[in-house]
1. Specify the residue that is farthest from residue 25 (Cα to Cα); the eligible residues are those in segment 82-118 that are open to solvent by 60 Å² or more (accessible area, probe 1.4 Å) and of a type in the set (Asp, Glu).
2. Mind checking which residues of segment 106-136 are hydrophobic (A, V, I, L, M, F, W, C) and closer than 26 Å to residue 42 by Cβ?
3. If you go through segment 38-48 one residue at a time, do you hit one that is farther than 22 Å from residue 120 by Cα and at pLDDT below 95?
4. Residue 87 passes all but one of (1) more than 10 Å from the chain's Cα centre (by Cα); (2) at pLDDT below 95; which number fails?
Amino acid sequence: MTNLALMASCTLLSTVAIADDVSETNRLLCSQSQVMLCLHSADCAFVPPAEVATPQFVIIDTRKKIVSTTKASGEGRSSDIGNLTRDGGLIMAQGRQGERAFSFVIDEATGTFTGSVASDGYTINAFGACTDARVD
């Protein structure tokens, strides 16, 4: 367990250096840098996002309360965010897609992203970074 905590801490620290301030942003582009799969009947392991069918990039629209894949991905997936709050410099959200529940936290000052997807018998945990998705 100590090794997992150390790996997660190192991942989060490496993400902070490349993240952006998203305090005034309502449409974010987020990317995963590390993904961990945990199975009820086994241990947890870091895996590539494609191995667990999670998109590398997502768009999070805090006004419309929608998380979706990018147009370039060709996946055309989107999910409503059932609960979204901005409080204390954090964006916190939860929702569901099919038989999976998701939640994420984004630090507005650094853009760091921590998220999870849970289903029967497994969780997918992701660490990454977000930036302003608007094209100006």
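The values are calculated or read from the model by the stated rules, or taken from the named source; none is laboratory data. Quick caveat, the model's predicted, so the values are computed rather than measured. No Cβ is skipped: glycine too gets one built from the backbone with ideal geometry, and neighbour counts run over all protein chains shown. Calculation scope for accessible area: heavy atoms of the full protein, side chains included, ligands and nucleic acids excluded. Shrake-Rupley method; radii C 1.70, N 1.55, O 1.52, S 1.80 Å.
1. Ranking the candidates gives 99 first.
2. We begin by selecting, within segment 106-136, every residue hydrophobic (A, V, I, L, M, F, W, C); these are 106, 109, 113, 117-118, 124, 126-127, 129-130, 133, 135.
Within segment 106-136, 113, 117, 118, 124, 126, 127 qualify.
3. Filtering segment 38-48 for residues farther than 22 Å from residue 120 by Cα gives none.
Among the residues of segment 38-48, not one is farther than 22 Å from residue 120 by Cα and at pLDDT below 95, which makes the answer no.
4. For residue 87, the failing item is (2).
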